[in-house]
Every structure is written in C-alpha cells, then in structure tokens.
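Report on the following structure.
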Amino acid sequence: MGSMLLIRRFLVVLALMFWMGGFMFYGAVVVPTNRIELKDMPQRGTITQHVTEWMNFAGTLALLVLFVDTYASAAGSQRWRWVCWAGMVIPHLFLIWLHRELTKQMSAPGFHQSDIKGFLIWHRVYLITNTVQWFAGMVFLGLTLRQWRREDRVGANPAPEPRNANAVQG
C-alpha cells in the first residue's frame with residue numbers, strides 16, 4: 001500500500017470519527033447534560049447553536065475529504081458510495097441554511113418569552129435531517145470499508161501469469 005493511499009484513508013477515518021463521532025457524542029451526552037443542567041435557560045439554546053456551527057464546519061471539511069477518497073478510489077462499485085455521499089451533502093447544505101434561519105429566530109427580541117411552536121417544528125425537521133445524514137454516513141462508512149478491502153485484495157493479488165507461456169504465444 002502506497003503512502004499516499006494510507007494518508008488518504010487515515011484522513012477519511014479521522015474525518016468520519018471527528019464529524020460523525022462528534023455528532024453521536026453530542027446527541028448522546030452533551031444535549032441531555034445541557035437539558036439537565038440548564039433546564040429552560042436561554043443559554044441552553046446558545047450553547048447548542050455554537051456547537052452546531054462547529055459541527056457544520058467539521059461536516060463540510062469531512063465531506064471534502066470523503067469526496068476526494070471516493071473520486072480517487074478504483075472505479076469498482078462506486079455508485080452506492082456516491083449515492084451515500086450525496087445523502088450526506090444534500091442534507092448538509094439544507095442544515096447549514098436551516099441553522100441560519102433558526103439562529104435568526106432565536107436572535108429575535110423576546111424569543112424565549114414567546115410561543116416557539118413554529119421554531120420547534122423547524123427544529124424537529126433539523127433533527128430528522130441530521131438523522132438522515134448520519135444514516136447515510138454510516139452506510140457510506142460500511143461501503144468504504146468494503147471498497148478498501150476489495151482494492152487491497154486486488155493490489156495484493158495481481159492477475160496470475162499464464163501457466164504455459166508458450167501456449168499463450170502459440
């Protein structure tokens with residue numbers, strides 16, 4: 001395995017660990033802790049707002065790394081990896097837009113004292129879209145591991161030489 005291939009794969013693993021792993025940790029640990037500690041305080045929304053800005057940035061970088069790996073990989077069965085990549089990118093673009101819209105709503109004077117039912121509907125859309133994106137990321141990871149294994153097998157087992165070279169020439 002060449003050093004560039006190893007570096008590319010390392011970056012893919014690192015990008016997925018930081019982005020998707022961060023997302024899972026955030027959802028499983030940070031959000032519940034934030035709810036317990038800050039209850040209904042306005043700071044709770046401010047914290048999640050800032051964290052999701054960084055998560056969106058990490059996602060953008062990770063998607064660029066995943067693009068490079070998918071593009072550079074052997075042609076094989078890349079179609080499904082591209083479908084999963086699109087399944088992460090399209091929601092990502094929507095999430096960045098929606099995050100800005102939700103931030104505008106939260107920044108409005110008196111937001112925390114007003115009826116936030118409309119906000120909560122769009123927030124739920126945000127969470128569902130995140131889940132779709134996460135699922136596409138997990139499928140992408142599985143397909144990537146399978147693709148890498150295929151590439152390694154092909155690289156380790158080049159096509160065998162014919163047993164009788166004279167038979168091929170004759």
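Rule-based calculations on the coordinates, nothing more; no lab input. Source: prediction; values computed, not measured. All Cβ positions, even for glycine, are placed from backbone atoms using ideal geometry, and neighbour counts span all protein chains on display.
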- Note on the structure: Hydrophobic long helices for the chain, i.e. whole DSSP H runs reaching 15 angstrom or more by Cα along the axis with Kyte-Doolittle mean at least -0.5, come out as 3-16, 42-72, 79-107, 117-156
- Query: What ranking, highest mean first, results for peptides 50-58, 83-91 when packing means the other Cβ atoms within 10 Å averaged over each residue?
  - Reply: 83-91, 50-58
- Message: Is there a quick way to get the dipole size of the range 3-155? I mean about its Cα centre, with the Cβ of Lys and Arg at +1 and of Asp and Glu at -1; what is the value in debye to the nearest 20?
- Response: 400
- Query: To the nearest 20 debye, what charge dipole does the range 1-75 have about its Cα centre, counting +1 at the Cβ of each Lys and Arg and -1 at the Cβ of each Asp and Glu?
  - Reply: 100
- Query: Hey, with R₀ at 35 Å, roughly what FRET efficiency would Trp82 and Gln113 work out to, going by the Cβ-Cβ distance, to 0.05?
  - Reply: 0.15
- Residue-normalised 222 nm signal for the chain, counting each DSSP H run of n ≥ 4 as -39,500 (n - 2.57), nearest 500 deg cm²/dmol, is -26500 deg cm²/dmol
- Relative contact order (percent) for the range 3-155, with alpha-carbon contacts under 8 angstrom and 6 or more residues of separation? 27
- So for the pair Val154, Ala58, with labels modelled 7 Å out along Cα→Cβ, what separation do we get in nm? 3.3
- Task: May I ask for the distance between the Cα centers of the range 1-75 and the range 93-123, given as a whole number of Å?
- Result: 22
